[in-house]
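Below: one structure, written as structure tokens.
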């Protein structure tokens, strides 16, 4: 029996994958120039990512919403497990080792997805009134953002934790919070940030901020040289010496933007920023289209904000406009966990569009017309 109703395919948004393909193509091109070994690994990640995308797309999410709190709880337990018996690398305890097979996982990566789903689930259960959420309602929703934020920041992974915080509360503002609460929240942040810098940050985190405000670190210096050498139209692979002679660190992941500019110059920057702008704008445009769907609407808002924040932070740190944190450039930086997680997220988005109504799942439905 066919898995889905024929009508569901009419709602599949083919523009979304078309907006993602240029990033994947550019990433493959650059990574192959940096390392053919990494290129082969990235091909494997992309294949797994697309398989995961279609598996998530076909899963009847709206029929099994009860699974979302379960997944969120499991992810919280995994983050607690990291704190208790996680693996430390370069002073940061962010990974769990899977027994027997010996592989490691980074629960904070998957927390991005489960937190987004959990927010959508809770907002769907209790949508705001026409004036927005009250303070009491906001506090209840905030708990689902602050708990993973605290656990991830403690690893420490402040970059990922802050992105979760920005995306989570940004989504709530888009959905609707009373203006008085927003104004008071901004005032609170202005007083809290200096306190957090003095008493809550680790020494190395304060050092990164101080380097950002003062002399750039070695990584950023080499990044700026690579970007500046790209000129208007970029250089050939052989002339892109910052990367090819290994002066630019982590060129395939955190600093792939610097290599991109070294190869394609200012014109390439305009093209890439345009691609990100259209992707973010297109995702956020669904907020108005789905304004009465209080499950899908906040999830689209969250993903649009996440892509924007990730790309903004990554590009800013390569040009010395933000402290260096381990934040990948979406769909560009080499990395399997990040890419697969983003494909899961976009599989969810397509699912929420294609299966707006449960009857579109062809599970023993007498009235459904199968493919």
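The values are calculated or read from the model by the stated rules, or taken from the named source; none is laboratory data. Here the structure is a predicted model, which is why all the values come from computation and not from measurement. Cβ atoms come from the backbone with ideal geometry, glycine included; neighbour counts cover every protein chain shown.
Put simply, of 147, 84 the only residue that is at pLDDT 90 or above, more than 30 Å from residue 26 (Cβ to Cβ) and either out of contact with any strand residue (DSSP E or B) (no Cβ under 8 Å at 6 or more places or on another chain) or part of a helix (DSSP H, G or I) (or both) is 147. Against the criterion of being in contact with a helix residue (DSSP H, G or I) (Cβ under 6 Å, 6 or more places away or on another chain) and at pLDDT 75 or above, residue 187 does not qualify.
Kindly indicate which of 179, 198 is modelled with pLDDT under 95, farther than 26 Å from residue 280 by Cβ and either surrounded by fewer than 18 Cβ atoms within 10 Å (Cβ to Cβ) or in contact with a strand residue (DSSP E or B) (Cβ under 6 Å, 6 or more places away or on another chain) (or both).
None of the others qualify; the one that does is 198.
Take the residues of segment 96-124 that are farther than 18 Å from residue 74 by Cα and at pLDDT 95 or above: which is surrounded by the most Cβ atoms within 10 Å (Cβ to Cβ)? Step by step, filter segment 96-124, then rank; the result is 123.
Counting only residues that are surrounded by fewer than 21 Cβ atoms within 10 Å (Cβ to Cβ) and farther than 21 Å from residue 23 by Cβ, segment 224-255 holds 16 of them.
Yes/no matrix, rows are residues, columns are (1) at pLDDT 85 or above; (2) under 26 Å from residue 76 (Cα atoms); (3) out of contact with any helix residue (DSSP H, G or I) (no Cβ under 6 Å at 6 or more places or on another chain); (4) not in a helix (DSSP H, G or I):
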{"residue": "170", "(1), (2), (3), (4)": "yes, yes, no, no"}
{"residue": "209", "(1), (2), (3), (4)": "no, no, yes, no"}
{"residue": "220", "(1), (2), (3), (4)": "yes, no, yes, no"}
{"residue": "224", "(1), (2), (3), (4)": "yes, no, yes, no"}
{"residue": "227", "(1), (2), (3), (4)": "yes, no, no, no"}
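With respect to the numbered conditions (1) within 17 Å of residue 119 (Cα to Cα); (2) modelled with pLDDT under 95; (3) in a helix (DSSP H, G or I), which one is the sole condition not fulfilled by residue 293? Single failed check for residue 293: (3).
Against the criterion of being under 20 Å from the mean Cα position of the chain (by Cα), closer than 19 Å to residue 313 by Cβ and either in a loop (DSSP other than H, G, I, E, B) or at pLDDT 90 or above (or both), residue 165 qualifies.
Scanning segment 51-68 for residues that are surrounded by fewer than 15 Cβ atoms within 10 Å (Cβ to Cβ) and within 20 Å of residue 337 (Cβ to Cβ) yields 51, 54, 55. Among the criteria (1) farther than 24 Å from residue 39 by Cβ; (2) over 18 Å from the mean Cα position of the chain (by Cα); (3) outside any loop (DSSP other than H, G, I, E, B), the one residue 299 does not fulfil is (2).
Among the residues of segment 116-132, just one is touching a residue at least 24 places away in the same chain (Cβ under 8 Å), outside any loop (DSSP other than H, G, I, E, B) and either out of contact with any helix residue (DSSP H, G or I) (no Cβ under 7 Å at 6 or more places or on another chain) or at positive phi (or both), namely 124. Kindly indicate whether residue 71 is surrounded by 18 or more Cβ atoms within 10 Å (Cβ to Cβ) and under 23 Å from the mean Cα position of the chain (by Cα). Criteria not met by residue 71.
Among the residues of segment 18-37, those that are in contact (Cβ under 8 Å) with a residue 60 or more places away in the chain and either in a helix (DSSP H, G or I) or exposed (fewer than 12 other Cβ atoms within 10 Å of the Cβ) (or both) comprise 19, 20, 22, 23, 24, 26, 27, 30, 31, 33, 34. Taken together, 296, 301, 258 contain a single residue that is under 27 Å from residue 226 (Cα atoms) and either crowded, with 18+ Cβ neighbours inside 10 Å or touching a helix residue (DSSP H, G or I) at 6+ places or on another chain (Cβ under 7 Å) (or both), which is 258. Would you mind stating whether residue 140 is surrounded by fewer than 17 Cβ atoms within 10 Å (Cβ to Cβ) and either in contact with a strand residue (DSSP E or B) (Cβ under 7 Å, 6 or more places away or on another chain) or closer than 22 Å to residue 305 by Cα (or both)? Yes.
Which one of 40, 63 is touching a strand residue (DSSP E or B) at 6+ places or on another chain (Cβ under 7 Å), over 18 Å from residue 109 (Cβ atoms), modelled with pLDDT under 95 and in a helix (DSSP H, G or I)?
Numbers: 40 fails: touching a strand residue (DSSP E or B) at 6+ places or on another chain (Cβ under 7 Å).
Result: 63 is the single residue among 40, 63 that is touching a strand residue (DSSP E or B) at 6+ places or on another chain (Cβ under 7 Å), over 18 Å from residue 109 (Cβ atoms), modelled with pLDDT under 95 and in a helix (DSSP H, G or I).
Scanning segment 281-293 for residues that are buried (at least 21 other Cβ atoms within 10 Å of the Cβ) and over 15 Å from the mean Cα position of the chain (by Cα) gives a single hit, 286.
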